[in-house]
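Peer 1: Provided herewith is a single structure, encoded as structure tokens, for subsequent inquiry.
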Amino acid sequence: MSTPIIIDTDMGVDDAMAVALALASPELEVVGLASVGGNVCLDQATRNIGRLLAGLDIKQWPKIARGLDQPSSLLDAKDVHGDDGLGKVDLPTPERLEPGGYVELYEELIDKHGEALVIVAIGPLTNLAALLRDRPGLLQRAGRIVVMGGAIWCKGNITPHAEFNFYRDPQAAADVLGSGLPVTVIPLDVTNQVAMDESHIAHLSRSGRRTGELLASMIRFPMSQPADEGAGRFLVHDPLTIATLLWPQLFLRSKMGLAITTDGPQAGRSKPMLAKDKSRQISVVISVNVDDFLEHLLERLCEEKFVV
């Protein structure tokens, strides 16, 4: 039986790969997609959900909702993902895109699926923090939350201290991680280990599959941009959240507390702390089998049984 998931996304290129991976996996059922501001503004992130689903030729769309944004004065990630957030690919916004409200979406899906529902948050945690505040007890009825965010022992990717998602809304990150909910965090320390190069992009583009070809075209923009790790590499951040659900044997985890700095020059910083109260501990992914993950990822996205 498939695990129902709702994906909360600011829909950049790696978000698109994560959503495509989930949609291509029979072990999962994507029952909802909620937009949040981050990589691009909220309106663009919402449009990108429809652009991706139409581009992948998904016949039965999940329920879609428009969430919340953060202040426009914060840095976005258009330099990485392009002005449109999806690598400047030619994907029009479909007419059938009619997003509802994120509160109603979460209420409906949690009422329907209860503890079976997994929430996958691959953007800032703004929507989830608002639900904790405005709908107390709602998220407690879901199964668990899987988050891509934080830089614990490594340098941040937006400031020296902060990973992008936690930087955009550090208070939301602090609220969600300190809520006592069953949360798993995949931090930058792990996602920085996983990069695609030209050989992987060629594999996707030659797959003869719509998913592989579309993702390859999206990835070419961020791969061409100068970055700390050098051009010609695409860091696979967000798909690791989906992979922890599909292939848990590829990951090592540790239980710990994480304190999030909410203001000042270190806003968004993730600091490990001793949490004697086990209800305040979260599961943190600390390692991944990179080679096997990339092989599994390409197999699934290209609809292959083996990758050579």
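Readers should treat all values here as calculations from the given coordinates under stated rules, not as data from a laboratory. The shown structure was predicted, so the numbers you read here are calculated from the model rather than taken from an experiment. Here the Cβ is made from the backbone with ideal geometry for all residues, glycine too, and neighbour counts use every protein chain on show.
Peer 1: I need the full set of residues from the stretch 129-154 which are in a strand (DSSP E or B) and β-branched (Val, Ile, Thr), in order please.
Peer 2: Those that are in a strand (DSSP E or B) and β-branched (Val, Ile, Thr): Ile145, Val146, Val147.
Peer 1: Could I ask something else about it? Taking into account only those residues within the stretch 154-174 that are under 18 Å from Gly38 (Cα atoms) and of a type in the set (D, E, K, R), which is surrounded by the most Cβ atoms within 10 Å (Cβ to Cβ)?
Peer 2: Asp169
Peer 1: Out of the residues in the stretch 34-61 meeting the condition of being touching a residue at least 40 places away in the same chain (Cβ under 8 Å) and part of a loop (DSSP other than H, G, I, E, B), tell me which one is farthest from Thr9 (Cα to Cα).
Peer 2: If we take residues in the stretch 34-61 being touching a residue at least 40 places away in the same chain (Cβ under 8 Å) and part of a loop (DSSP other than H, G, I, E, B), then Asp57 is farthest from Thr9 (Cα to Cα).
Peer 1: If we keep just the residues of the stretch 63-76 that are in a loop (DSSP other than H, G, I, E, B) and of a type outside the set (S, T, N, Q), which is surrounded by the most Cβ atoms within 10 Å (Cβ to Cβ)?
Peer 2: Gly67
Peer 1: Check Asp79 against each of (1) touching a strand residue (DSSP E or B) at 6+ places or on another chain (Cβ under 6 Å); (2) within 21 Å of Gly149 (Cα to Cα); (3) among the charged types (D, E, K, R) and name the one condition it does not meet.
Peer 2: (1)
Peer 1: Something else: Quick one: how many residues across the stretch 77-118 are part of a helix (DSSP H, G or I), surrounded by fewer than 21 Cβ atoms within 10 Å (Cβ to Cβ) and β-branched (Val, Ile, Thr)?
Peer 2: Initial filter on the stretch 77-118 (part of a helix (DSSP H, G or I)): 78-81, 102-116.
Imposing the further condition that a residue be surrounded by fewer than 21 Cβ atoms within 10 Å (Cβ to Cβ) reduces the set to 78-80, 103-104, 107-108, 111-116.
Add one more test, that the residue is β-branched (Val, Ile, Thr), and what stays is 80, 103.
Total meeting the criteria: 2.
Peer 1: Could you list, in sequence order, all residues of the stretch 18-33 that are in contact with a Pro (Cβ under 6 Å, 6 or more places away or on another chain), part of a strand (DSSP E or B) and touching a residue at least 60 places away in the same chain (Cβ under 8 Å)?
Peer 2: Keep residues of the stretch 18-33 that are in contact with a Pro (Cβ under 6 Å, 6 or more places away or on another chain), which gives 18, 21, 29-33.
Add one more test, that the residue is part of a strand (DSSP E or B), and what stays is 29-33.
Listed by number, the residues that qualify are Val31, Gly32.
Peer 1: Taking the conditions exactly as written (under 17 Å from the mean Cα position of the chain (by Cα), farther than 18 Å from Asp8 by Cβ and of a type in the set (A, V, I, L, M)), does Val80 satisfy them or not?
Peer 2: In short, yes.
Peer 1: Among Met273, Met223, Met256, which is closer than 24 Å to Gly82 by Cα and either surrounded by fewer than 18 Cβ atoms within 10 Å (Cβ to Cβ) or of a type outside the set (Ser, Thr, Tyr) (or both)? First the steps, then the outcome.
Peer 2: Details: Met273 fails: closer than 24 Å to Gly82 by Cα; Met256 fails: closer than 24 Å to Gly82 by Cα.
After ruling out the rest, the residue left standing is Met223.
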